[in-house]
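The values are calculated or read from the model by the stated rules, or taken from the named source; none is laboratory data. All of these numbers come straight from a predicted model, not from anything done at the bench. Here the Cβ positions follow ideal geometry from the backbone for every residue, glycine too, while neighbour counts run over all protein chains shown.
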Amino acid sequence: MKFIDEATIKVYAGDGGNGVATFRREKYEPMGGPNGGDGGRGGSIFVIADRNINTLVDYRYTRTFKAERGENGSGSDCYGKGGDDMILRVPVGTTISDKATGQMMVDLSVDGQKVMMAKGGNGGLGNIHFKTSTNRSPRQCTKGDPGEAFELYLELKVLADVGLLGMPNAGKSTFIRSVSAAKPKVADYPFTTLHPNLGVVRVDANRSFVIADVPGLIEGAAEGAGLGHQFLRHLQRTSLLLHLVDLAPFDDAVDPVQEAKAIVNELKKYDQELYDKPRWLVLNKIDMLEDSAEKVADFVKAYGWDGPVFPISAISGVGCQPLTYAIMDHIEQTRAQRELEAAQPQPAIE
């Protein structure tokens with residue numbers, strides 16, 4: 001199934017039905033009073049987050065959604081039937097914005113979260129509402145209100161705890177295969193990852209986290225070069241970034257230090273908030289180096305890095321287990337800190 005993480009759709013809530021002006025016409029009451037009923041309300045359009053859906057592909061090819069119109073009222077005090085509501089299901093992590101203004105309307109980050117996106121129009125009034133002591137035979141009635149209509153921009157940001165960052169062919173897909181049950185495509189050429197992959201890493205029976213692998217970045221990604229810039233949004237919800245660097249590139253002319261600096265530069269140009277996230281350095285393919293400890297030390301010095309460093313071999317699994325346990329500890333500490341901050345009393349607003 002093709003991975004689609006953005007879509008533009010048009011939604012039209014149902015119009016309200018019209019009220020009517022009718023009068024009773026019975027055998028012994030030829031001049032009966034008004035009995036025109038109201039029109040039914042139009043159907044509304046709701047969006048609900050569903051964890052069983054992983055992509056917005058359903059909205060790539062069907063882009064217009066119209067809820068049912070309310071029925072018109074009729075005589076004998078009969079009200080029109082309301083239009084049925086329409087429910088659109090989207091993946092958890094979808095944000096919805098007004099296409100015209102760019103303003104975000106809702107962030108569907110919880111499974112089962114339901115939001116009305118377009119309200120159906122109210123039904124018109126029948127002439128039974130206009131009867132007064134001086135107007136016994138009102139002929140007024142009103143039309144139903146039109147339903148709301150919007151052009152919406154849907155954007156999916158996957159819900160992951162950890163995001164993988166790196167050049168194409170840095171070993172991100174191999175790493176996620178090594179530590180989780182996810183099976184992204186792996187090959188000996190760059191750009192094998194064409195869409196985000198998610199993997200659940202279970203370190204103990206009741207301890208796990210979700211890791212996201214996105215297509216590799218190249219220099220100029222912030223301006224649209226390559227594929228990775230299209231999917232950087234999926235790293236915005238993560239609490240930790242792992243910057244994977246290939247210490248043993250196939251091409252001897254490639255400088256891993258310069259490539260690592262280029263990636264961080266692209267990240268900063270794309271989103272300062274994403275750049276400010278906690279970031280760990282993961283040096284991959286140490287199994288292909290004879291003096292790996294020396295090469296790691298040289299890289300860290302040349303790169304000017306003073307944060308956490310984890311030398312690993314994704315293909316053989318060397319160093320992967322200590323890394324996953326360290327990630328789990330970091331995530332649990334971050335969650336505990338957030339819960340503590342949320343429990344703090346908020347200062348009163350004068």
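Restricting attention to segment 28-68, the residues that are among the basic types (Lys, Arg), touching a residue at least 60 places away in the same chain (Cβ under 8 Å) and over 14 Å from Lys81 (Cα atoms) add up to 1.
Please go through segment 113-127 and pick out each residue that is under 30 Å from Val47 (Cβ atoms) and modelled with pLDDT under 90. None; the set is empty. Elements of the type helices (runs of 4 or more DSSP H) sitting completely within segment 253-350 and holding at least 1 residues that are basic (Lys, Arg) and at pLDDT below 85: these cover 256-270, 320-343.
Restricting attention to segment 251-286, the residues that are over 16 Å from Asn169 (Cα atoms) and of a type in the set (D, E, K, R) total 9. Taking each residue of segment 13-27 that is in the same structural domain as Leu152 (by TED's automatic domain parsing) and looking for partners that are of a type in the set (S, T, N, Q) and modelled with pLDDT of 90 or more with beta-carbon atoms closer than 6 Å, six or more apart or interchain, yields Ala13/Ser44; Gly16/Asn122; Gly17/Asn72; Asn18/Asn72; Gly19/Thr142.
Applying the criterion of being under 28 Å from Asn72 (Cβ atoms) and among the basic types (Lys, Arg) to the residues of segment 128-165, the residue that is modelled with the lowest pLDDT is Arg136.
Checked against the criterion of being within 24 Å of the chain's Cα centre (by Cα), within 22 Å of Phe299 (Cβ to Cβ) and either at pLDDT below 75 or not basic (Lys, Arg) (or both), the candidates Gly199, Gly171, Gly216, Gly226 yield just one match: Gly216. Of the strands (runs of 3 or more DSSP E) that lie entirely inside segment 37-156, those containing 1 or more residues that are surrounded by 14 or more Cβ atoms within 10 Å (Cβ to Cβ) and in contact with a helix residue (DSSP H, G or I) (Cβ under 7 Å, 6 or more places away or on another chain) span 149-156.
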